[in-house]
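In what follows, a structure is listed as structure tokens, so that the remarks can point back to it.
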Ligand SMILES: Cc1cc2nc3c(=O)[nH]c(=O)nc-3n(C[C@H](O)[C@H](O)[C@H](O)COP(=O)(O)OP(=O)(O)OC[C@H]3O[C@@H](n4cnc5c(N)ncnc54)[C@H](O)[C@@H]3O)c2cc1C
Ligand code: SF4
Ligand code: FES
Ligand code: FES
């Protein structure tokens, strides 16, 4: 059992925290040790983000913090007071799956599905970053998401499809193929 | 994880005073190292002082024509910066070769320099490790040690420093800017890290409570012609087995005026290969000179049975990186 340090209450053993999660304002009081991943899963019942390695090595816990993809297992929830968090649960709009989600289904880009929420959130960020211009680039910039079932070829195909549907960036001109 | 108090001051003086005044206090920036250490029982701070609220992430021009990179700049920000990419390509390449996109979105420059070894016996607390517990012994001496040092190790410790960023900064003659409770210091990156000797728990000259506030890159003629080459066990998202940061300044006659060659993951600190630099100066940058630099880079290597391969790898990686710079690879 971890030791409870009563003397730390002067600094607030339980820290108040406001997060905007998938567009909804949430107020929490958390032990400072709680990671963002545990706060989402255990505190807010958002179990989409998965705990694979809990060490930053697999990407299953990927969420967006203020639009940037990060490993929610590697950061303390209290460090994100006031932040906007998007998890896989927040990607669909009015019950319509995100194009990346549709493409994962279409391309059968999963087997057991454990890594999938992290892959999908990471892919959404990758597209926003403009890092999906070739298969090689997709592989490199998805390297933070491991898949033990090795669905990699189908994951790359799914992302490629969304990238080409979105078309090349406007500066390169021309109609989308 | 042991309980800790958490504070997020909004000025640097308060943050520095809070850590300096409490031996059990520590800073946190991105958290990508510290959170793992706390989970694994490698660090047990009683007070964690978050630097995240401080305005220390800008990348600015220095009056001398160099760049000053704030300690809280994220790895991704620095790698994407147009001035960094144009004037210090080795830095952008080293950052993009490190960790994963998610980690680079969170990890800071200051935290990256202070990351600790990935020696598996250090990270897994059931093994004896002098770095965690002085006098306990070194499990790498008796167990498999193919990830370990070929330069600069000691009887006490043969772990390597894993940062890619630090290797690039060494090749760029960078300076680390520190803020202590009483005063500021400027430490050349070459003098920032310590060799283990008999005190493997001491890794840098940073004093308790001192914060890294920035890293400064001088305007150097060799910086623009620079490359980073990282050799890993898989194509991406892995620490280096061996890495090379090289920078070369060529005179109008095509001869090397000045060179910098730094090696990663081969020593307890980023390792400057001065003999390799000397082997280049005054010569045309060609395959023969590159091979000579590779040979000079490994002179004095002291491999153990499992690390002999690193010597060959370094020799070839140095030559290959120079070939890329010279444009014939
Ligand atoms: C799975 C994985 C793979 C990785 N692969 C690579 C890789 O290939 N190459 C590579 O270079 N790195 C790699 N890293 C390491 C990564 O780059 C570091 O974890 C990161 O840079 C640390 O920065 P941070 O801001 O998160 O530090 P934190 O975890 O916040 O802090 C780390 C340490 O630095 C101290 N600190 C932080 N900022 C300051 C400051 N301004 N002043 C004083 N002290 C400070 C903290 O007190 C703590 O002791 C990897 C990490 C993980 C988890
Ligand atoms: S090499 Fe250093 S860090 Fe690794 S077990 Fe030995 S003493 Fe510990
Ligand atoms: S659970 Fe966070 S990276 Fe594996
Ligand atoms: S689908 Fe099983 S781990 Fe990726």
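The figures follow:
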read-out	value
Computed Kirkwood radius, in angstrom, where 1/r is averaged over Cα pairs of the protein assembly as shown	24.0
Rounded Å value of the spacing that divides the Cα centres of region B:66-131 and region A:123-146	20
Model label zone, residue B:302; criterion: amide N under 19 Å from point 7 Å along Cα-to-beta-carbon; scope region B:118-144	B:130-131, B:135, B:137-143
Whether region B:141-300 is rounded, prolate or oblate, judged on the alpha carbon gyration tensor where a/c under 1.5 counts as rounded	oblate
Sum of -39500 (n - 2.57) over DSSP H runs of 4+, divided by residues of chain A (222 nm, nearest 500)	-7500 deg cm²/dmol
Cα-based convex hull volume of region B:68-132 per residue, rounded to whole Å³	103
Residues A:34, B:187, B:215, sorted so that the one with the fewest Cβ neighbours within 10 Å comes first	B:187, A:34, B:215
Bins of 5 Å, starting at 0 and running to the largest distance - Cα pair percent for region B:8-85	3, 14, 20, 19, 16, 14, 9, 5, 1
Length-normalised contact order for chain B - Cα pairs under 8 Å, 6+ apart - percent	16
Other protein chain Cβ atoms within 10 Å, averaged over every residue that makes up A:72-78	6
Neighbour-count order for B:225, A:29, fewest beta carbons within 10 angstrom listed first	A:29, B:225
Averaged over B:236-249, number of beta-carbon atoms from partner chains that fall within 10 Å	1
Alpha-carbon Rg/Rh ratio, for chain B, with Rh computed the Kirkwood way	0.97
Residues B:193, B:88, sorted so that the one with the fewest Cβ neighbours within 10 Å comes first	B:193, B:88
Helix B:287-297 axis, angle to chain B major axis (alpha carbon atoms, nearest 10°)	40
Between region B:256-303 and region A:83-117, the alpha-carbon center distance in angstrom	49
Square roots of five times the Cα gyration tensor eigenvalues for region B:226-326, Å	24, 14, 11
Cα long-axis angle, helix B:308-326 against chain B (0 to 90 degrees, to the nearest 10)	70
Descending principal axes extents, chain A, alpha-carbon based, whole Å	63, 32, 28
10 Å Cβ neighbours from other chains, averaged over peptide B:203-212	0
DSSP beta bridge pairing in chain B, given as percent antiparallel to the nearest 5	85
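Only the coordinates and a few stated rules stand behind these numbers; no lab work does. Just so we're clear, the structure is a prediction, and the values are computed from it rather than from any experiment. Here the Cβ is made from the backbone with ideal geometry for all residues, glycine too, and neighbour counts use every protein chain on show.
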